[in-house]
Structure formats: C-alpha cells, structure tokens
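Visitor: Could you have a look at this structure, given as structure tokens, before my questions?
Derivation of every value follows stated rules applied to the coordinates shown; laboratory data play no part. Note that the structure is a prediction, hence the values are computed from the model and not measured. Virtual Cβ from ideal backbone geometry, glycine too; neighbours counted across all protein chains shown.
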Amino acid sequence: MSVSLTVMTFNLLEDQAEDSPNTWQARKDLCVSVITSYSPMILCTQQGVKSQLEYLQQCLPGYNQMGISRKGSEDTSDEHCTIFYDKEKIGRAVGWDGCGEHGVVGDMRDAWPSARVRKNVSLIRTYHGFKGDKQGVVEFLKLIFRALCLCWDRQTQDLHVDWILFRGRSLIPVSCEVINDNIDGRYPSSHYPIFSEFMLPRTVRFLEGPTRSGT
C-alpha cells in the first residue's frame, strides 16, 4: 500500500501597521483555520517572526518545528523560515525530532550546504533574496511580474508566487492546490498558500517510531 505525503507552503507575512486591515491579529485565526483544515504533514512557512511562530505552535500541538532567523540561530528579531512537521507521522518516522535548528535556511545562497538530510529525506526551505546589479533586478522583476499577488490584490486569482518543487522518482505528485480561502474578502496572507500531495511507492515506508510506554 502506497504512503501519502502532504506538504503546504505558508507565507505568514510579519505584522502590518496597526491601522492596516491585514494585521496579524486580524489574520491569525484564519491562518490556523486554513492549516488545520488541510492538516499537512509538513508545513513550510516564511516571513514569520517569533511571536507569530509561537502562536502557531500553541495552536498546532500536534506539530514540532525547526528553523532559524535569516540572521542566524542567535537572532530572534528577524523573519524566520520555519518548518512545522507532524511529530507523529514525520518526527518519529523520518527522524527529525531532536535534529535542532539545522536545515532550514533563509536565503538561496545558504540552502545547499545547510540542507538537512535524514534517512534519505532532504527538505530545503528557502526564501529567495535576490542579489545582483540593478539591471539584473529589473529583468528578475519582469519574469515574476505576472505572478505577483502582493498588496492583497486578488484580481489575478489563477496566479501565485510560491511553489513546491520536487525531484526524485520516489515522489509521485497526486494533486496540487492553490488555496484562496478567505472570510469576507480577508485572506490569511498576501501570498496564496500551496498544498500538494505526493505518493511514495509501495517499496517506501516510514520507519516506525519507538513504542510509547503504556500503549
């Protein structure tokens, strides 16, 4: 029997000005509602600050998290690229529990040497900060212009800026959904979350975690 693996991206977007209709206070319950309704095994967040991540952890007791600030593991003030993972299905089975703050990186230039590999499973969560000359920036923006859904503009419902990329014969894509859930026109983020489901072949199994005492 094949095993299903579900993954979601979620741009938390650090808190807005107090007079903005899209403050974290106004969005946080919707964010949790979207996450829990899809219940991804792996949740890859970006642009989350410490207070936001602490709130998500409080509301998602079935998940553990790993990640560091873009300024390094000692910093708590900047945005984080943090991965939440189902501690029963992923933490015990794949071996991520207790792996510390490695493997979650902020910028593309840091991604490859810092990738966390556990039992032939690699997960790289990046926040792409472009670095280049002025002309390079202009060309870069031309390429992504049509996919921008920033500033809470929802006129382009079929476009999105975040992606889930994969490589390897063991991952078989089953479905992918751009999540545009909203309440009265209020969205959880300026980016549409992305949800994907993969099937692992029958020869692949999650390792069984240690049996808990009393069970």
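Visitor: Which of the peptides 43-51, 67-75, 177-185 is most tightly packed, and how do the rest follow, going by the mean number of other Cβ atoms within 10 Å of each residue?
Guide: On the way: 43-51: 21.1, 67-75: 14.9, 177-185: 12.2.
Sorting 43-51, 67-75, 177-185 by mean packing, highest first, produces 43-51, 67-75, 177-185.
Visitor: Please work out the FRET efficiency for the pair Leu171 and Ser73, using the Cβ-Cβ distance as r and a Förster radius of 35 Å; give the result to the nearest 0.05.
Guide: Efficiency computed from Cβ-Cβ geometry: 0.75.
Visitor: Let me ask another. Starting with the highest mean, order 166-172, 188-194 by the number of other Cβ atoms within 10 Å, averaged over the residues of each peptide.
Guide: 188-194, 166-172
Visitor: Which of the peptides 54-61, 82-89, 35-42 is most tightly packed, and how do the rest follow, going by the mean number of other Cβ atoms within 10 Å of each residue?
Guide: The most tightly packed comes first, giving 82-89, 35-42, 54-61.
Visitor: What is the order of Glu14, Glu197, fewest Cβ neighbours within 10 Å to most?
Guide: Result, fewest neighbours first: Glu14, Glu197.
Visitor: What spacing in nm lies between the two simple spin-label points modelled at Val161 and Thr36, each 7 Å away from Cα in the Cβ direction?
Guide: Here the modelled spin labels are 2.9 nm apart.
Visitor: So, R0 is 35 Å and r is the distance between the beta-carbons of Gln25 and Glu88; what FRET efficiency does that work out to, to 0.05?
Guide: Plugging the Cβ-Cβ distance into 1/(1 + (r/R0)^6) gives 0.70.
Visitor: Go through region 73-85 residue by residue and turn each phi into a ³J(HN,Hα) via Karplus (6.51, -1.76, 1.60, θ = phi - 60°); whole Hz please, and just put x for glycine and proline.
Guide: Listing the rounded values in order: 5, 8, 8, 10, 9, 8, 5, 10, 9, 10, 9, 9, 9 Hz.
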